[in-house]
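The structure appears below as structure tokens.
Since every read-out is calculated from the coordinates, none of them should be taken as a lab result. Quantities reported herein were computed from a predicted structural model and do not represent experimental measurements. Reconstructed Cβ throughout: ideal geometry from the backbone, glycine too, with neighbour counts over all protein chains shown.
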Amino acid sequence: MSVVDTANAARVVLNNKNKPVNNIINGIKLREVQKSVLRNLKDAIVHSMGPAGSNSLILRGNDDQSIVAEYSKDGNKIIKNIKYQYPIEMAVKSEIENATRHIEKTVGDGTSSVVVMSSYIFDSLVEADEQGKLPTSSAETVRLFKEAVSKISKKIRDKSKECTLDDIYNIALISSNNNKDLANQIRDIYDEYGMDVFIDVSASTDGDTYVKSYNGITIDVGYSDPCMINNLERNSARIRSTDISPVRVYHFQDPIDNVEMSSYFEQIIEDNIINRRNNQGMMEYPTVILAPKIGRDVVGYMRRIVQMMHSFGEEMYSQKPQLLIVTNYMGLDENYVDHISQLCGCKPIRKYIDDRQQKLDQDNGIAPTLQNVSEFYGMAGEVEADSSVTKFIDPWDMYTRDDSGSIVFDEHGNPETSTTYDNIVRYLEAEYKLQKSTGGNAGSLGALKRQLNAIKANMIELFIGGISISDRDSYRDLVEDAVLNTRSAATNGVGYGTNTMGYMAAIELRKEEPDNIIYNIIEEAYLNTIGAIYSTCYTDDKVDIIIKTIETNGIPLNISTGEYDGKVLTSIESDPAILDTISKIIGVMFTANQALLQAPTLTQHY
């Protein structure tokens, strides 16, 4: 080695010694890992897509005694059980898992499409960015992407049609991989209980599959914190009436964001839960609190409540306080919760600007004081919430009651609805009819339709049995997809499946705005995803013909019949929900310019 080479080598060693050891992974390497993980997840899930997709074998346990085998083609379940060794990979996988869980809860189907399309779109965006075809700001690219998603979703929704019983059957058939018995069962439930029915799915304890009906209403927002979960089987917070009290429902009409409202909130929990628990032998009152928003003033108190709820491990869930807080629904129409409050018989707790008016209302018993706020409750037989939906079963004022509080039945044995209930339904129906006749926008009409469905819904619990736990759980996955998809279709309308609606809308907008590269990227992702669905049972040449026919007629091929029969249906919200979910994934991943690992030693893996 020459003197010069030796000197250069010495300088490199010296520079490396002076370079600080840190936990930073630069943006170029980060994107490489993001792309790699998305492709890996796409490859793992693509073969499960569509009715001809195949199962993945998911294994748990480490020996003969503990091993459990499950066969599933459920997208979220497959993603959930994929494990990575290093932190960035884990983070990307976690984002995808959360996103697929969200869409699964929203419309049932579409988890696989989210994963596959996310990979194609992210790859294309990175490539376009490297070629200088995108704005210099990644935030601006994400803004344009969200704008494109919004326009595509509008075009899709504009083509929605009302859901019929035949549509329910066909949607359930597609969602359940051509299970005709299940499709007929779901159709029969809608036929008997009406298009407003709310079906929930649970595991049967005796191996049989059967149906149980309830009276109730729903709201599209769930528990405020997972600490309130007390039912592991359903991953929900289930508040039930006890021997000493029905479920007490409190309705804060305004946000809990000042001292007075915070005091009322805390007093209710202290009176109903804390104080009664501290007095041995006294059961707490099952308590549900509805509030549009909870402000910072209550953060410290809420932290105390969350800690208390978390102190009960899974083996002690039955002893957990019966407390449920439902909040953060400011985006809902205010009538949505008001109607539920009225049907439970709540006395609304609200803010006052005029002290004299507040004192007058307190004297008349229509405004609370700290001494009596715990008595400002309505009643329900049961309230159950998961992460996205809260159900109110047997709200007190939904039906006419006699002097003893028992429900009054008509000559046919059906419960008589109350005047309160009838007035709410008449108001919503009249408002919907008026807006429809005067050309109301789709958003307002949809909101009214959802409110009507929530108020008029009969509640059905479909208990799923099986010859083994794995058999039951596999079947339950199919049933949940079918139930959620039909529910969304009955509420929002129907469109074609296999991502056809999104693909056709992307083509239309690409032609309208040929200079917008985002539409090309989304269209190409749809093209590859649709191709993946049909490639599970057709050759590449046949798939090309199918896609050309879809582009011409806008109708997907029915794999089960081999015809373009218009029976491959889904909720009109499926493609908008898929695109919105992808938009959220892309938004956080594409704008990341570096990764900061948990420790500097972890950088050696990258």
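Quick rundown of the values:
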{"quantity": "Cβ-based exposure ranking for T419, T209, T106, T369, in which fewest neighbours within 10 Å come first", "calculated": "T419, T369, T209, T106"}
{"quantity": "Helical mean residue ellipticity (222 nm; -39500 (n - 2.57) per DSSP H run of 4+; nearest 500) of the chain", "calculated": "-16000 deg cm²/dmol"}
{"quantity": "Ranking of M398, M330, M379, M228 by count of other Cβ atoms within 10 Å, fewest first", "calculated": "M330, M379, M228, M398"}
{"quantity": "Between 0 and 90°, nearest 10: helix 165-175 axis offset from the chain longest Cα axis", "calculated": "40"}
{"quantity": "Footprinting exposure proxy for H47, H339 (fewest neighbouring C-beta atoms within 10 Å first)", "calculated": "H47, H339"}
{"quantity": "Difference of contour (0.36 nm per residue) and Cα-Cα distance, E315 to T419", "calculated": "33.0 nm"}
{"quantity": "Rg/Rh (Cα only; Kirkwood hydrodynamic radius) as it applies to region 508-565", "calculated": "1.03"}
{"quantity": "Shape box of region 308-406 [Cα atoms, principal axes, largest first, Å]", "calculated": "51, 35, 31"}
{"quantity": "Percentage relative contact order, region 222-398, counting C-alpha pairs under 8 Å, at least six apart", "calculated": "35"}
{"quantity": "Members of K83/K542; K35/K391; K105/K542; K347/K584; K29/K584 lying beyond 29 Å, as alpha-carbon distances in this model show", "calculated": "K83/K542; K35/K391; K105/K542; K347/K584"}
{"quantity": "Set of lysines near K155 by C-alpha distance (under 17 Å), chain-local residues within fewer than 8 positions excluded", "calculated": "K146, K511"}
{"quantity": "Ranked by how many other beta carbons lie within 10 Å on average, peptides 31-39, 423-431 from highest", "calculated": "31-39, 423-431"}
{"quantity": "D515-A44 FRET efficiency (beta carbon distance; Förster radius 35 Å; 0.05 resolution)", "calculated": "0.45"}
{"quantity": "Whole-angstrom gap from region 364-390 to region 59-99, using each part's C-alpha centre", "calculated": "40"}
{"quantity": "Cβ crowding within 10 Å averaged over residues, with 118-131, 151-164 ranked highest first", "calculated": "118-131, 151-164"}
{"quantity": "Cα gyration tensor category, rounded, prolate or oblate, for region 152-225 with a/c compared to 1.5", "calculated": "oblate"}
{"quantity": "Full-extension gain in nm, E563 to S150, via 0.36 nm per residue minus C-alpha separation", "calculated": "145.5 nm"}
{"quantity": "Cβ-defined net charge surrounding N558, 10 Å radius [Lys, Arg +1; Asp, Glu -1]", "calculated": "-1"}
{"quantity": "Spread of Cα-to-Cα distances over 20 Å intervals beginning at zero, given as percent, for the chain", "calculated": "17, 46, 30, 6, 1, 0"}
{"quantity": "Equivalent ellipsoid dimensions for region 222-398 as semi-axes, Å, which come from the Cα gyration tensor, largest first", "calculated": "25, 18, 17"}
{"quantity": "FRET efficiency, 1/(1 + (r/R0)^6) with R0 30 Å, evaluated for K433 and Y352 via beta carbons", "calculated": "0.25"}
{"quantity": "Rg/Rh (Cα only; Kirkwood hydrodynamic radius) as it applies to region 375-496", "calculated": "1.04"}
{"quantity": "12 Å beta-carbon shell around G365, net charge (K/R +1, D/E -1)", "calculated": "-2"}
{"quantity": "Of the trypsin sites (Lys or Arg not before Pro) in region 235-318, those whose Cβ has at most 16 other Cβ within 10 Å and which sit in DSSP loop", "calculated": "K293"}
